[in-house]
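These notes are about the structure you will find just below.
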């Protein structure tokens, strides 16, 4: 029976280099203690920020130094935990880091209320008296925009202290699904017993053996069904925490609380939902074609991931995936490729799945560290695209941190997915350019169509679910398992129902989506994809001028509002055009795939 390797069995070259942050846990402990000792010094600025420009500048400087160090402490502990969620030592370090984060936020909670309380003319004089304060001008302008939503220092301190409690649902969900849940074993294509894991789930759903797909689907959701009540309560607590924060800060809704601080109109969100809703017939056309190509009487939810051109599918070991991605991103220029290659060789990446390792993939790091990427690589094209995606995130962070001060290094979530999806689009263009094989071309176009289904249509379905769940809770409804299942089932029926058989287990899918614990995040995959389609097409068609605009976007961080940064790069997301352009491109790809599929192709 094939089982996951232990962490110690993984070759060192395929593990991320967390020793570059702290060579030992003792070094981490020393920084932890140091930060704790510095917090009283920050608190000493309380009631003094409004006295002079010098006091305000000094207070902000101390706050940033503490937070810069704290982020380093936090990412090390959390990534050590993610290596093996069953390791009690690193669970404890991650919990302590989260607690210290909450403590630091409480210690700094007076800063925003005191800045808001400074009269406008007095603040103007501060800039004259302390020229160094100009560095913080845009940040201060952003804070003042949020004046109606800023509470007193005392209230903000209490809210900051509550963070550890309000963020608990996310940690509980992660512990359950990454450490505690066991999905049992299934028989693979060769009738060999194999453990079903989070990392292998999609791999099994891509199997050309329908029995394997069905077994994996049913085994996975059986576990989630057994814990439906607990997972519903966990998610309901997360939604209540969102509502609590929004109402306490005088926002009219949880959605406004997420968008307004970044100067993003709510229409960006609602227009996205409406645009996709209008274009659902294109999705239904694709699903109907999938059903025909697979020659199925019924298209089930476990039939949505299998490649439509099986003979084009091949194993892609990690080393080959790196080569493909490197070649695929060549249009971004020699310097980009050189920086990316150096990062890969510097062990940015934790490559393979192992026992207890956090599932999925992400890019992390802090201002004072190199970027880090968690993968659970499988030898397929999906994982190759995941590598390109996460490298997009890491290169965005790399260039931002290299070109921006810490103050403006944390780019907005609204632009966070643009670089990653641009990488995917460029990779697809490269692969299509370099194949004359009809089956492979069909395979690649299908991969692109699947990216749209997964990143645009699917994420907007998720966004609708979040929107509806928060709305129901804000209206006073209890988020019971039945209500959440019904909301999700109705959305699945709208998106997939006209073509797909509605497997009853799919109503539970909401309960396994970790992004729901970072509310109103997933819509940005869809807006990010829309922006990325536009930017990648500009890079392909214009060449160097578009590359220069794009690299400038990567360097910009949060030095301006995210919509403005994207507009400078060449995309105006405050209009519906980029979303519709992306949906039109989906239809164009679908047209080509339908034409290629007219002739018989083995499946």
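For region 207-220, which positions are buried (at least 19 other Cβ atoms within 10 Å of the Cβ) and either farther than 26 Å from residue 484 by Cα or within 23 Å of the chain's Cα centre (by Cα) (or both)?
Of everything in region 207-220, those that are buried (at least 19 other Cβ atoms within 10 Å of the Cβ) and either farther than 26 Å from residue 484 by Cα or within 23 Å of the chain's Cα centre (by Cα) (or both) turn out to be 207, 212, 220.
Sort out which residues of region 222-238 are under 24 Å from the mean Cα position of the chain (by Cα) and free of Cβ contacts under 8 Å to residues at least 24 places away in the same chain, and write them in order of number.
The first filter runs over region 222-238 and keeps only residues under 24 Å from the mean Cα position of the chain (by Cα), leaving 224, 231-238.
Passing the criteria: only 233.
Counting only residues that are more than 27 Å from the chain's Cα centre (by Cα) and outside any helix (DSSP H, G or I), which one in region 147-183 is surrounded by the fewest Cβ atoms within 10 Å (Cβ to Cβ)? Explain how you work it out, then say what you get.
Kept after step one, since they are more than 27 Å from the chain's Cα centre (by Cα), are these residues of region 147-183: 147-148, 150-158.
With outside any helix (DSSP H, G or I) added as a condition, the list becomes 150-152.
Working: 150: 19, 151: 17, 152: 14.
The qualifying residue surrounded by the fewest Cβ atoms within 10 Å (Cβ to Cβ) is 152.
Can we say residue 65 is free of Cβ contacts under 8 Å to residues at least 40 places away in the same chain, under 27 Å from the mean Cα position of the chain (by Cα) and closer than 28 Å to residue 137 by Cα? Spell out how you get there, then give the answer.
On the way: free of Cβ contacts under 8 Å to residues at least 40 places away in the same chain: yes; under 27 Å from the mean Cα position of the chain (by Cα): yes; closer than 28 Å to residue 137 by Cα: yes.
Taking the combined requirement at face value, the residue satisfies it.
Yes or no: region 113-130 includes at least one residue that is without any contact (Cβ under 8 Å) to a residue 60 or more places away in the chain, farther than 26 Å from residue 77 by Cβ and within 33 Å of the chain's Cα centre (by Cα).
yes
Just to be sure, is residue 241 without any contact (Cβ under 8 Å) to a residue 60 or more places away in the chain, crowded, with 20+ Cβ neighbours inside 10 Å, in contact with a helix residue (DSSP H, G or I) (Cβ under 6 Å, 6 or more places away or on another chain) and part of a helix (DSSP H, G or I)? Show your work before the answer.
On the way: without any contact (Cβ under 8 Å) to a residue 60 or more places away in the chain: no; crowded, with 20+ Cβ neighbours inside 10 Å: yes; in contact with a helix residue (DSSP H, G or I) (Cβ under 6 Å, 6 or more places away or on another chain): yes; part of a helix (DSSP H, G or I): yes.
Here the answer is no, as residue 241 does not meet what is asked.
Take the residues of region 369-390 that are in contact (Cβ under 8 Å) with a residue 60 or more places away in the chain and in contact with a strand residue (DSSP E or B) (Cβ under 7 Å, 6 or more places away or on another chain): which is nearest to residue 67 (Cα to Cα)? Outline the logic, then answer.
Residues of region 369-390 that are in contact (Cβ under 8 Å) with a residue 60 or more places away in the chain, as a first pass: 369-370, 372-374, 376, 378-385, 387-388.
Okay, now just the ones that are also in contact with a strand residue (DSSP E or B) (Cβ under 7 Å, 6 or more places away or on another chain), so 372-374.
Values: 372: 19, 373: 22, 374: 23 Å.
Per the stated criteria, the residue is 372.
If residue 31 passes every condition in (1) surrounded by fewer than 16 Cβ atoms within 10 Å (Cβ to Cβ); (2) over 22 Å from residue 376 (Cβ atoms); (3) touching a helix residue (DSSP H, G or I) at 6+ places or on another chain (Cβ under 9 Å) but one, which one does it miss?
Every condition holds for residue 31 apart from (1).
Which members of region 469-508 meet the condition of being surrounded by 21 or more Cβ atoms within 10 Å (Cβ to Cβ) and in contact (Cβ under 8 Å) with a residue 40 or more places away in the chain?
Those that are surrounded by 21 or more Cβ atoms within 10 Å (Cβ to Cβ) and in contact (Cβ under 8 Å) with a residue 40 or more places away in the chain: 469, 470, 484, 495, 496, 500, 506, 508.
In region 406-459, which helices (runs of 4 or more DSSP H) lie fully inside it and hold 1 or more residues that are farther than 20 Å from residue 573 by Cα and at pLDDT 85 or above?
Numbers: elements: 413-416, 418-433, 438-452.
Ranges flagged: 418-433, 438-452.
Tally up the residues in region 97-126 that are touching a helix residue (DSSP H, G or I) at 6+ places or on another chain (Cβ under 7 Å) and surrounded by 15 or more Cβ atoms within 10 Å (Cβ to Cβ), please.
Initially, region 97-126 is screened for residues touching a helix residue (DSSP H, G or I) at 6+ places or on another chain (Cβ under 7 Å), giving 97-116, 126.
Of the ones still in play, those that are also surrounded by 15 or more Cβ atoms within 10 Å (Cβ to Cβ) are 97-98, 100-116, 126.
Qualifying residue count, region 97-126: 20.
The values are calculated or read from the model by the stated rules, or taken from the named source; none is laboratory data. Remember, it's a predicted structure, so these values are computed and weren't measured experimentally. Cβ: placed from backbone, ideal geometry, glycine included. Neighbour counts: every protein chain shown.
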